[in-house]
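Written below as structure tokens is the structure these notes are about.
The values are calculated or read from the model by the stated rules, or taken from the named source; none is laboratory data. Since this is a predicted model, take the numbers as computed values, not measurements. Glycine also receives a Cβ, built like all others from the backbone with ideal geometry; neighbour counts cover every protein chain displayed. Ligands, DNA and RNA are stripped out before the accessible areas are found, and what is left, the full protein with its side chains, is counted by its heavy atoms. Shrake-Rupley method; radii C 1.70, N 1.55, O 1.52, S 1.80 Å.
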Amino acid sequence: MTTITFHTEGSRITGFDAVGHSGYAEAGEDIVCAAVTSAVRLIECTFNDVMGLCAAVKVREADASISLRLPGSLGPSAESACQALLTGMMVYLSQLHCEYPDFIEVMEAE
């Protein structure tokens, strides 16, 4: 199962951890893992390559896991954009959980 934990401080999403393989299908054919990976990479590319936050946003990848953390020092415009993107990702992954509840879990932690 893939578990995505969104970390929050009050109403602010400060980052997420995505851990594990969904187990829906064999590697290379797993549509649930592909959907999660695609969402994570879209967020990472948007923050780092489009918004230019690579010095601020910390991404750590390891085998079957990825973590992303936002700093507390983003300007108002970047903070608003990052929150909108992370909220959209949380909604998307929650909908994916509704479709594949045995293969993906979405949680929040303060």
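Some values worked out for this structure:
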| read-out | value |
| --- | --- |
| For region 70-84, 3J(HN,Hα) per residue [Karplus equation, 6.51 cos²θ - 1.76 cosθ + 1.60, θ = phi - 60°, Hz, x = Gly/Pro] | 9, x, x, 10, 6, x, x, 5, 5, 4, 4, 5, 5, 5, 5 |
| Net charge contributed by nearby residues that have their C-beta within less than 14 Å of residue 34 (K/R +1, D/E -1) | -3 |
| Top positive-direction residue, dipole computed over the chain with Cβ charges, set 35, 85, 24 | 85 |
| ³J(HN,Hα), Karplus 6.51/-1.76/1.60, whole Hz, each residue of region 90-101, x for Gly, Pro | 5, 5, 4, 5, 5, 5, 5, 4, 4, 7, 9, x |
| Calculated FRET value between residue 21 and residue 54, using beta carbons and R₀ = 22 Å, to 0.05 | 0.25 |
| Solvent-accessible area, 1.4 Å probe, carbon plus sulfur percent, for region 21-88 | 57 |
| In degrees, nearest ten, helix 31-45 long axis to first principal axis of the chain (Cα) | 10 |
